[in-house]
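Data first, discussion second: the structure below is written as structure tokens.
The values are calculated or read from the model by the stated rules, or taken from the named source; none is laboratory data. The structure displayed is predicted, hence computed values, not measured ones. Every residue, glycine among them, receives a Cβ derived from its backbone with ideal geometry; neighbour counts consider all protein chains shown.
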Amino acid sequence: MNPESKHTRTPQPRRLASRGWLALSMLTVIGCGAGPHPDPPPPCGQLCQDGVALRGLRSAIKFAYNYKIATQPVGAQDAITPCYSEDGSHGGTVHIFGDATVNAVQGASIVSLSYDFQSCLFSAPPDPSADQNFSLMFTGLVTEQGTLSVQPTATTALILESTALSISGTVYDPAEQYSATDCALSVLQNGNAVSGALCGRYAGFSF
């Protein structure tokens, strides 16, 4: 027998494995509890829901204008486009007609347009801000008059009106059911702020 064998220790795999498992368990427990959890969004009452619905409508109008009108020659406009949703589906249409000109000195477009929404489905991409999430269907005629900023030298100033606008779908995150039928709309946009009356109630938001 080798005389050095008396002083040689054999590995203890079971003990080493046990210590390794204990360390892994501790890391798992610590990892699961690490970091603060974000507070849930506050409840979205009627004022909040109307604001999100108004944001959805303004976004649908903006999308339709940029998609069908912005690249057209100035003057009389008449176009129909399908309505698109963020998930790739589409439903309904919007008929845009009226007049759009350009004020090169101000760097702005001068518009007098109507948007005839026919079961037009429009939704926003998911957003971490709860009040910027919506999936809505619009039906009704909305008029848009005023100035659209094209250059920083101009400020968007618009009047949006309707005598009978219907909106249905979901607003906010977590989603809340929303429904408004044959509502009057009268709102102003000044720069990034949009506010006024929707269904006889105050509604507003800022981009």
Pick from region 148-167, criterion assigned to a strand (DSSP E or B) and of a type in the set (V, I, T), ranking: nearest to A53 (Cα to Cα):
I167
Scan region 43-67 for residues that are at pLDDT below 95, more than 22 Å from L158 (Cα to Cα) and either assigned to a helix (DSSP H, G or I) or of a type in the set (A, V, I, L, M) (or both) and report the count.
0
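Name the residue that is nearest to the chain's Cα centre (by Cα), counting only residues in region 196-207 that are part of a strand (DSSP E or B) and over 22 Å from C120 (Cα atoms). Show your work before the answer.
So the first thing to find is which residues in region 196-207 are part of a strand (DSSP E or B), and the list is 196-198, 201-206.
Cutting the leftovers down to over 22 Å from C120 (Cα atoms) gives us 196, 201-202, 206.
Values: G196: 20, R201: 22, Y202: 20, S206: 12 Å.
Per the stated criteria, the residue is S206.
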Looking at region 117-135, can you tell me whether even one residue there is touching a strand residue (DSSP E or B) at 6+ places or on another chain (Cβ under 6 Å), crowded, with 16+ Cβ neighbours inside 10 Å and more than 16 Å from F63 (Cβ to Cβ)?
no
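For every residue, the table says whether it meets (1) in contact with a helix residue (DSSP H, G or I) (Cβ under 9 Å, 6 or more places away or on another chain); (2) modelled with pLDDT of 95 or more; (3) surrounded by 15 or more Cβ atoms within 10 Å (Cβ to Cβ).
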position: A157; (1), (2), (3): no, yes, yes
position: L160; (1), (2), (3): yes, yes, yes
position: Y172; (1), (2), (3): yes, yes, yes
position: A175; (1), (2), (3): no, yes, no
position: A180; (1), (2), (3): yes, yes, yes
position: L185; (1), (2), (3): yes, yes, yes
position: A193; (1), (2), (3): no, yes, no
position: C199; (1), (2), (3): yes, yes, yes
position: G204; (1), (2), (3): yes, yes, yes
Flagged pairs (Cβ under 7 angstrom, 6 or more apart or on separate chains; first in region 132-156, in contact (Cβ under 8 Å) with a residue 40 or more places away in the chain; second of a type in the set (V, I, T) and not in a strand (DSSP E or B)) are F134/V52; V142/I61; E144/I61; T147/T156; L148/T156; S149/T155; S149/T156
Any hit, region 32-42, residues being aliphatic (A, V, I, L, M), farther than 27 Å from S179 by Cα and at pLDDT below 95:
yes
Per the filter on region 110-147, residues outside any strand (DSSP E or B), within 17 Å of I167 (Cβ to Cβ) and modelled with pLDDT of 95 or more are D131, Q132, N133
Which of the residues spanning region 60-91 are within 19 Å of Q177 (Cβ to Cβ) and surrounded by 15 or more Cβ atoms within 10 Å (Cβ to Cβ)?
A60, S85
Just wondering, is there one or more residues in region 168-191 that are assigned to a strand (DSSP E or B), among the β-branched types (V, I, T), under 28 Å from P73 (Cα atoms) and without any contact (Cβ under 8 Å) to a residue 40 or more places away in the chain?
no
Take region 80-109 and flag every residue that is among the aliphatic types (A, V, I, L, M) and part of a strand (DSSP E or B).
I80, V94, I96, A100, V102, A108
